[in-house]
1. If we count every other residue with Cβ under 14 angstrom of Thr151's Cβ, Lys/Arg +1 and Asp/Glu -1, where does the sum land?
2. Excluding Ala63 itself, calculate the net charge of residues whose Cβ lies under 15 Å from the Cβ of Ala63, where each Lys or Arg counts +1 and each Asp or Glu counts -1.
3. Quick check on the chain: of the DSSP beta bridges with both residues there, what percent are antiparallel, nearest 5%?
4. Once ligands and nucleic acids are excluded and a 1.4 Å probe is used, how much of Arg195 is accessible, expressed in Å² to the nearest 10?
5. Note down the accessible area of Met1, probe 1.4 Å, to the nearest 10 Å².
6. Considering only protein heavy atoms, what per residue accessible area in square angstrom results for the chain with a 1.4 angstrom probe?
7. Which of the pairs Lys179/Lys209; Lys44/Lys74; Lys138/Lys165; Lys177/Lys208; Lys165/Lys224 have their Cα atoms more than 27 Å apart in this structure?
8. To the nearest 0.05, how large is the calculated FRET efficiency for Leu221 and Lys141 if R₀ is 25 Å and r is the Cβ-Cβ distance?
Amino acid sequence: MSLFIVATPIGNLRDITFRAIEILQSVDLVAAEDTRTAKKLFTKFDIHTPLTSFHAHSTDRSAEKLIEKMKSGKSVALISEAGTPGISDPGFKLIQKAIEVGIKIVPIPGACAAIAALSASGLRMDKFIFLGFLPRKKGRKKLFTSLREETRTIVFYESPHRILKTISELAEALNPKRKIVLARELTKIHEEFFRGSLDEAVDFLNSKKARGEFTVVLGGLDKKA
Ligand code: SAM
(Lines give C-alpha, C1' and ligand atoms only; values in the text may rest on other atoms or scores of the structure.)
Protein backbone atom coordinates (compact mmCIF):
# COMPACT_ATOMS: atom_id res chain seq x y z
CA MET A 1 0.00 0.00 0.00
CA SER A 2 1.59 3.15 -1.25
CA LEU A 3 0.61 6.59 -2.39
CA PHE A 4 2.74 7.72 -5.34
CA ILE A 5 2.96 11.48 -5.89
CA VAL A 6 3.56 11.58 -9.62
CA ALA A 7 4.71 14.72 -11.44
CA THR A 8 3.32 15.12 -14.96
CA PRO A 9 4.31 17.54 -17.76
CA ILE A 10 3.52 21.28 -17.63
CA GLY A 11 3.03 21.52 -21.39
CA ASN A 12 5.31 19.32 -23.44
CA LEU A 13 4.04 15.76 -22.95
CA ARG A 14 7.53 14.35 -23.55
CA ASP A 15 8.57 15.81 -20.20
CA ILE A 16 7.15 12.79 -18.37
CA THR A 17 9.70 10.43 -16.83
CA PHE A 18 10.06 6.69 -17.59
CA ARG A 19 9.39 6.00 -13.94
CA ALA A 20 6.20 8.10 -13.93
CA ILE A 21 4.85 6.09 -16.89
CA GLU A 22 5.75 2.78 -15.22
CA ILE A 23 4.05 3.80 -11.98
CA LEU A 24 0.91 5.09 -13.72
CA GLN A 25 0.71 1.82 -15.67
CA SER A 26 1.18 -0.41 -12.65
CA VAL A 27 -0.81 1.13 -9.77
CA ASP A 28 -4.37 -0.03 -9.02
CA LEU A 29 -5.87 3.44 -9.30
CA VAL A 30 -4.90 6.93 -10.42
CA ALA A 31 -6.49 9.85 -8.58
CA ALA A 32 -6.40 12.81 -10.99
CA GLU A 33 -7.23 16.46 -10.50
CA ASP A 34 -8.53 16.63 -14.06
CA THR A 35 -9.56 13.33 -15.62
CA ARG A 36 -9.75 14.84 -19.13
CA THR A 37 -6.09 15.94 -19.06
CA ALA A 38 -5.20 12.59 -17.51
CA LYS A 39 -6.92 10.72 -20.35
CA LYS A 40 -4.79 12.56 -22.94
CA LEU A 41 -1.67 11.51 -21.06
CA PHE A 42 -2.98 7.95 -20.74
CA THR A 43 -3.66 7.70 -24.47
CA LYS A 44 -0.21 9.00 -25.37
CA PHE A 45 1.62 6.60 -23.05
CA ASP A 46 -0.59 3.54 -23.32
CA ILE A 47 -1.82 3.67 -19.73
CA HIS A 48 -5.02 1.77 -18.96
CA THR A 49 -5.25 2.15 -15.19
CA PRO A 50 -8.65 3.07 -13.71
CA LEU A 51 -9.03 6.78 -13.03
CA THR A 52 -10.87 8.61 -10.30
CA SER A 53 -11.34 12.32 -9.83
CA PHE A 54 -9.63 14.08 -6.93
CA HIS A 55 -9.60 17.87 -7.03
CA ALA A 56 -9.56 20.96 -4.82
CA HIS A 57 -13.29 20.66 -4.08
CA SER A 58 -13.22 16.94 -3.33
CA THR A 59 -14.72 16.22 0.07
CA ASP A 60 -12.90 14.68 3.04
CA ARG A 61 -15.00 11.59 2.25
CA SER A 62 -13.28 11.22 -1.17
CA ALA A 63 -9.90 11.40 0.55
CA GLU A 64 -11.04 8.81 3.11
CA LYS A 65 -12.23 6.48 0.33
CA LEU A 66 -8.78 6.63 -1.24
CA ILE A 67 -7.18 6.03 2.16
CA GLU A 68 -9.45 2.99 2.69
CA LYS A 69 -8.40 1.59 -0.70
CA MET A 70 -4.72 1.99 0.19
CA LYS A 71 -5.26 0.45 3.62
CA SER A 72 -6.83 -2.57 1.92
CA GLY A 73 -3.59 -3.06 -0.01
CA LYS A 74 -4.22 -1.10 -3.21
CA SER A 75 -1.63 1.30 -4.58
CA VAL A 76 -2.76 4.73 -5.69
CA ALA A 77 -1.00 7.40 -7.78
CA LEU A 78 -1.94 11.04 -7.39
CA ILE A 79 -1.56 13.37 -10.37
CA SER A 80 -2.54 17.00 -10.79
CA GLU A 81 -3.59 18.79 -13.95
CA ALA A 82 0.06 19.61 -14.60
CA GLY A 83 3.38 19.51 -12.80
CA THR A 84 3.97 18.33 -9.28
CA PRO A 85 0.88 17.46 -7.20
CA GLY A 86 0.44 19.58 -4.09
CA ILE A 87 2.45 22.53 -5.43
CA SER A 88 -0.37 25.10 -5.69
CA ASP A 89 -2.48 22.05 -6.52
CA PRO A 90 -4.62 19.59 -4.55
CA GLY A 91 -2.94 16.81 -2.62
CA PHE A 92 -1.70 18.19 0.67
CA LYS A 93 -4.60 16.96 2.83
CA LEU A 94 -4.60 13.51 1.22
CA ILE A 95 -0.86 13.17 1.72
CA GLN A 96 -1.14 14.35 5.32
CA LYS A 97 -3.96 11.89 6.09
CA ALA A 98 -2.10 9.03 4.39
CA ILE A 99 0.99 9.72 6.50
CA GLU A 100 -1.15 9.76 9.66
CA VAL A 101 -2.38 6.23 9.00
CA GLY A 102 1.04 4.88 8.09
CA ILE A 103 0.72 4.70 4.30
CA LYS A 104 4.02 4.85 2.47
CA ILE A 105 4.41 8.03 0.37
CA VAL A 106 6.61 7.74 -2.72
CA PRO A 107 7.48 10.89 -4.70
CA ILE A 108 8.00 10.47 -8.45
CA PRO A 109 9.69 13.77 -9.27
CA GLY A 110 9.40 15.64 -12.53
CA ALA A 111 8.17 18.91 -13.97
CA CYS A 112 7.32 21.88 -11.78
CA ALA A 113 6.74 25.31 -13.35
CA ALA A 114 8.31 27.16 -10.40
CA ILE A 115 11.56 25.21 -10.62
CA ALA A 116 11.69 25.30 -14.42
CA ALA A 117 11.22 29.10 -14.41
CA LEU A 118 13.77 29.62 -11.65
CA SER A 119 16.35 27.39 -13.30
CA ALA A 120 16.29 29.44 -16.51
CA SER A 121 15.73 32.86 -14.95
CA GLY A 122 19.33 33.94 -14.61
CA LEU A 123 18.47 35.29 -11.16
CA ARG A 124 20.12 33.93 -8.03
CA MET A 125 18.85 30.45 -7.28
CA ASP A 126 20.99 29.42 -4.34
CA LYS A 127 18.25 30.67 -2.03
CA PHE A 128 14.65 31.35 -2.99
CA ILE A 129 11.15 31.51 -1.58
CA PHE A 130 8.02 30.21 -3.28
CA LEU A 131 4.76 32.08 -2.69
CA GLY A 132 2.35 30.00 -4.79
CA PHE A 133 -0.51 32.28 -5.94
CA LEU A 134 -0.41 35.68 -4.22
CA PRO A 135 -3.30 36.70 -1.96
CA ARG A 136 -5.82 38.74 -3.93
CA LYS A 137 -6.99 40.95 -1.09
CA LYS A 138 -6.23 40.15 2.54
CA GLY A 139 -2.53 40.30 3.29
CA ARG A 140 -1.53 41.44 -0.20
CA LYS A 141 -0.28 44.89 0.77
CA LYS A 142 1.58 43.58 3.80
CA LEU A 143 3.22 40.90 1.68
CA PHE A 144 4.36 43.43 -0.94
CA THR A 145 5.81 45.64 1.79
CA SER A 146 7.68 42.67 3.28
CA LEU A 147 9.21 41.91 -0.15
CA ARG A 148 11.08 45.24 -0.03
CA GLU A 149 13.57 43.72 2.39
CA GLU A 150 13.52 40.17 1.02
CA THR A 151 16.98 39.30 -0.24
CA ARG A 152 16.13 35.84 -1.57
CA THR A 153 14.72 35.33 -5.07
CA ILE A 154 10.92 35.13 -5.02
CA VAL A 155 8.94 32.75 -7.23
CA PHE A 156 5.17 32.84 -7.65
CA TYR A 157 2.35 31.89 -10.00
CA GLU A 158 -0.01 34.39 -11.61
CA SER A 159 -2.90 34.18 -14.06
CA PRO A 160 -2.75 36.03 -17.41
CA HIS A 161 -5.77 38.13 -16.33
CA ARG A 162 -3.99 39.46 -13.26
CA ILE A 163 -0.35 39.58 -14.31
CA LEU A 164 -0.34 43.27 -15.41
CA LYS A 165 -2.09 44.39 -12.21
CA THR A 166 0.28 42.40 -10.01
CA ILE A 167 3.47 43.52 -11.74
CA SER A 168 2.28 47.17 -11.76
CA GLU A 169 1.54 46.99 -8.03
CA LEU A 170 4.95 45.45 -7.38
CA ALA A 171 6.62 48.23 -9.41
CA GLU A 172 4.92 50.72 -7.10
CA ALA A 173 5.57 48.86 -3.87
CA LEU A 174 9.23 48.01 -4.57
CA ASN A 175 12.11 49.68 -6.34
CA PRO A 176 10.89 49.76 -10.00
CA LYS A 177 14.42 48.77 -11.02
CA ARG A 178 14.18 45.45 -9.13
CA LYS A 179 14.98 42.59 -11.52
CA ILE A 180 12.16 40.37 -12.73
CA VAL A 181 11.72 37.43 -15.08
CA LEU A 182 8.37 36.45 -16.56
CA ALA A 183 8.39 32.84 -17.74
CA ARG A 184 5.47 32.28 -20.09
CA GLU A 185 4.20 29.01 -21.57
CA LEU A 186 7.15 26.97 -20.36
CA THR A 187 7.91 23.87 -22.45
CA LYS A 188 5.19 24.83 -24.97
CA ILE A 189 5.46 26.14 -28.55
CA HIS A 190 5.17 29.78 -27.47
CA GLU A 191 7.62 29.56 -24.58
CA GLU A 192 8.94 33.04 -23.83
CA PHE A 193 11.08 34.75 -21.21
CA PHE A 194 10.95 38.43 -20.40
CA ARG A 195 14.01 39.53 -18.41
CA GLY A 196 14.33 43.09 -17.17
CA SER A 197 13.28 45.48 -14.40
CA LEU A 198 9.81 45.81 -12.87
CA ASP A 199 9.05 49.03 -14.76
CA GLU A 200 10.19 47.45 -18.05
CA ALA A 201 7.98 44.45 -17.31
CA VAL A 202 4.99 46.77 -16.95
CA ASP A 203 5.75 48.27 -20.39
CA PHE A 204 6.21 44.79 -21.85
CA LEU A 205 2.86 43.62 -20.48
CA ASN A 206 1.15 46.82 -21.64
CA SER A 207 2.44 46.27 -25.16
CA LYS A 208 0.32 43.17 -25.85
CA LYS A 209 -2.49 41.14 -24.34
CA ALA A 210 -1.11 38.65 -21.84
CA ARG A 211 -1.93 35.08 -22.86
CA GLY A 212 -0.99 31.67 -21.56
CA GLU A 213 0.50 30.62 -18.27
CA PHE A 214 2.96 32.75 -16.32
CA THR A 215 5.45 32.00 -13.60
CA VAL A 216 7.11 35.05 -12.10
CA VAL A 217 10.66 35.13 -10.74
CA LEU A 218 11.40 38.34 -8.86
CA GLY A 219 14.91 39.22 -7.82
CA GLY A 220 15.60 39.76 -4.14
CA LEU A 221 16.84 43.03 -2.67
CA ASP A 222 20.42 43.53 -3.75
CA LYS A 223 22.00 45.29 -0.79
CA LYS A 224 25.18 46.01 -2.78
CA ALA A 225 23.35 47.80 -5.62
N1 SAM B 1 1.57 21.95 -9.70
C2 SAM B 1 1.99 22.80 -10.77
C3 SAM B 1 3.51 22.77 -10.90
O4 SAM B 1 4.16 21.91 -10.30
O5 SAM B 1 4.06 23.58 -11.63
C6 SAM B 1 1.45 24.20 -10.63
C7 SAM B 1 -0.06 24.25 -10.64
S8 SAM B 1 -0.77 25.83 -10.47
C9 SAM B 1 -2.47 25.40 -10.26
C10 SAM B 1 -0.83 26.44 -12.11
C11 SAM B 1 0.05 27.67 -12.30
O12 SAM B 1 1.40 27.26 -12.52
C13 SAM B 1 -0.33 28.49 -13.53
O14 SAM B 1 -1.37 29.42 -13.24
C15 SAM B 1 0.98 29.19 -13.86
O16 SAM B 1 1.16 30.31 -13.02
C17 SAM B 1 2.00 28.10 -13.48
N18 SAM B 1 2.30 27.27 -14.66
C19 SAM B 1 1.84 26.04 -14.94
N20 SAM B 1 2.31 25.61 -16.14
C21 SAM B 1 3.08 26.61 -16.61
C22 SAM B 1 3.83 26.79 -17.82
N23 SAM B 1 3.85 25.85 -18.75
N24 SAM B 1 4.51 27.96 -17.98
C25 SAM B 1 4.50 28.91 -17.03
N26 SAM B 1 3.81 28.80 -15.88
C27 SAM B 1 3.10 27.67 -15.68
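The values are calculated or read from the model by the stated rules, or taken from the named source; none is laboratory data. From a predicted model like this one, the values you see are computed outputs, not experimental measurements. Reconstructed Cβ throughout: ideal geometry from the backbone, glycine too, with neighbour counts over all protein chains shown. Note: accessible area is taken over every heavy atom of the protein model, side chains too, but ligands, DNA and RNA are not part of it. Shrake-Rupley method; radii C 1.70, N 1.55, O 1.52, S 1.80 Å.
1. Spelling it out: positives minus negatives among the neighbours equals +4.
2. +1
3. Just about 45 percent of them are antiparallel.
4. Using a 1.4 Å probe on the heavy atoms, I get roughly 130 Å².
5. Met1 has an accessible surface of roughly 100 Å² with all protein chains in place.
6. Solvent-accessible surface per residue comes out at 56 Å².
7. Cα-Cα > 27 Å for Lys165/Lys224; rest within.
8. 0.90
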